[in-house]
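A short write-up of the structure that comes next.
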Amino acid sequence: MRILSLVNLRSGQADEGIYDYLRILGRSDAEIVLRFVGGKHSLTSQLEDAKEFDRVVAVGGDGTVSGVCHALRDTGVPVVVYPAGTANLTALNLGVPSDVVALADMTLHGSIRSFDMGELDLSPEGNEVPGPSRTSRPRGFIVAAGAGFDANIMDGARDLKPVLGAAGYLVSALQHLTPQVARFRLVLDGRAVETEGIAVLIVNFAKLQFDLSITHRSDAADGLLEVVVLRTRNAVELIPAVWAMLIDRAVGSHPDRSAGLDIHQAREIFVDAEPALPLQFDGEVLDATTPFAARVLPGAATFVVP
């Protein structure tokens, strides 16, 4: 088996664990190629020969994983998630183990499954979802993308994560209890929706920080994305929805999410906001604001899973 391991130098949690992992794989007679991104080498250039490998290991956070998957979309090349970021939501949703021995075993003997991914267009024209933009490189996401409150949290957590880890997101949320309320205009598969709130999330995998599921009907292999509007006027009003997520996790029931959330499904999505709001995808804050378009790429990402 030939394995390409791609390490994001900006992810600080891989440390020596990655070398233990690669050593275990090497003892199984796998051929290992180790490359790094984050310096002068781009992710795309390091994946030019990816089809020559049986596995590509993405070592980093969710942004690294989504970047690798978008570069390899529709190729069928299996991606292994090595969780070396802060939240590691892709690994959480896929059930990927954090123990390097179990992770190496999954790499060699795990199942191969295809999942949907989302694609953002930051330069949409009107209400259309045109596919790859002529003026802005499209960005792929595996877990979720969004505008507003969630982007504020991601931005505020950047300096906190090296010290607090995932708790940095909670601290940042507490620092943004009164986010900007905006008027949203959505176009969902051609259907117009007008509403207001503090954020719009485009969700592929439902489990977010602290193992909370924002929607219990999400299926990352159904060819649809969930569009979740946080239709509150402040973060405190989200408490009933968060409480419902906690009950889900504790007892497995599915209480109503209607308090504070509107949930839609669509394949092609257009989002505009007044005033304009910041954007994020898979925890990466973008140097851009609304409007944006998104679409689902059915079965475009291939993962090795337990």
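A few remarks follow.
- Looking across the stretch 30-48, just one residue is acidic (D, E) and in contact (Cβ under 8 Å) with a residue 12 or more places away in the chain, and that is E31.
- For V7, the conditions (1) at pLDDT below 95; (2) part of a helix (DSSP H, G or I) are fulfilled apart from (2).
Residues checked against (1) within 22 Å of the chain's Cα centre (by Cα); (2) modelled with pLDDT of 95 or more; (3) closer than 17 Å to A266 by Cβ:
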| site | (1), (2), (3) |
| --- | --- |
| T178 | no, no, no |
| L186 | yes, yes, yes |
| E194 | no, yes, yes |
| A220 | yes, no, yes |
| R233 | no, no, no |
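- Put simply, of D20, D54 the only residue that is surrounded by fewer than 17 Cβ atoms within 10 Å (Cβ to Cβ), in contact with a strand residue (DSSP E or B) (Cβ under 7 Å, 6 or more places away or on another chain) and in contact (Cβ under 8 Å) with a residue 40 or more places away in the chain is D54.
- Residue that is surrounded by the fewest Cβ atoms within 10 Å (Cβ to Cβ), among those in the stretch 23-44 that are at pLDDT below 90 and assigned to a helix (DSSP H, G or I): T44
The values are calculated or read from the model by the stated rules, or taken from the named source; none is laboratory data. Quantities reported herein were computed from a predicted structural model and do not represent experimental measurements. All Cβ positions, glycine included, derive from the backbone under ideal geometry; neighbour counts span all protein chains shown.
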